[in-house]
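Since the structure comes first, as structure tokens, the remarks are kept for the end.
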Amino acid sequence: MSQHDMIIDNQPGAAFRADLNQALAAIATNQSGSVEPNPSYPYQFWADTASGTLKMRNAANTAWTKLGQLGATNFGLVLPGTIAYHARNAVPAGYLRCNGAAVSRTVYADLFAEVGTTFGNGDGSQTFNVPDLRGEFLRGWDDARGVDAGRTFGSAQADLFKQHTHSGLPGQGVVQGQNGTGNYMIVSDNSYAPIGSTGGTETRPRNIALLACIKY
């Protein structure tokens, strides 16, 4: 009996040896190329040069799980469909711009499996749309909380002011109200005077413009 056999036999039996055999098979069959390895094994790695991604076979040996981009220094575990804001105006590897574009359902199959046609049906058969976040603020989906009731997931809202009123200054004989043409003030001689306006072309908080991207 070799030293290697002795080490194996000191472990918790058949389950360990089965896992070890799977790991050794995976290592032995790791490969790179544009064609899916055949045969494939659970936990096998494949450097898919066609899509530029590193993939691993799942435990059931039924599908490939994408781990990250080839050549990346840190793969991480970012799931397809994750939104990120990039501090550069060029899209990073493994991401698409969130610009509403129609992209291929086959080339970006992992992303399509996650988001489907939530943000647009593309051409109805070959493509789908990524979200368009250019110039937009994000708002957490209400998800039955009731703060932003009636929202469909992925839907957009136009800008809006909450309803409110303005009061006239005391002692000036001013009454404020509203008629069919808009806000008004009734002055002391019972004539209508419009309420002045101020501001710019939109309502917004302080903000910084970054590039919105989606992981594919």
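The values are calculated or read from the model by the stated rules, or taken from the named source; none is laboratory data. Predicted, not measured: the structure shown is a model, and the values here were computed from it. For neighbour counting, all protein chains shown are included, and Cβ atoms are generated from backbone atoms with ideal geometry for every residue, glycine included. Just so you know, the surface numbers come from the protein's heavy atoms only, side chains and all, with ligands and any DNA or RNA stripped out. Shrake-Rupley method; radii C 1.70, N 1.55, O 1.52, S 1.80 Å.
General remarks:
- Relative protection proxy for 87-93, 159-165, from highest mean packing down: 87-93, 159-165 (other beta-carbon atoms within 10 angstrom).
- Accessible area of the range 80-131 divided out per residue, in Å², using a probe of 1.4 angstrom: 54
- The range 37-122, dipole about Cα centre (Lys/Arg Cβ +1, Asp/Glu Cβ -1), debye to the nearest 20: 80
- Working ranking of peptides 133-140, 48-55, 35-42 by packing, defined as the average number of other Cβ atoms within 10 Å per residue, highest first, is 48-55, 35-42, 133-140.
- Added length on full extension, which subtracts the Cα-Cα distance from 0.36 nm per residue, VAL147 to ASP159: 2.7 nm
- Cα gyration tensor, the range 73-164 - rounded (a/c under 1.5), prolate or oblate: prolate
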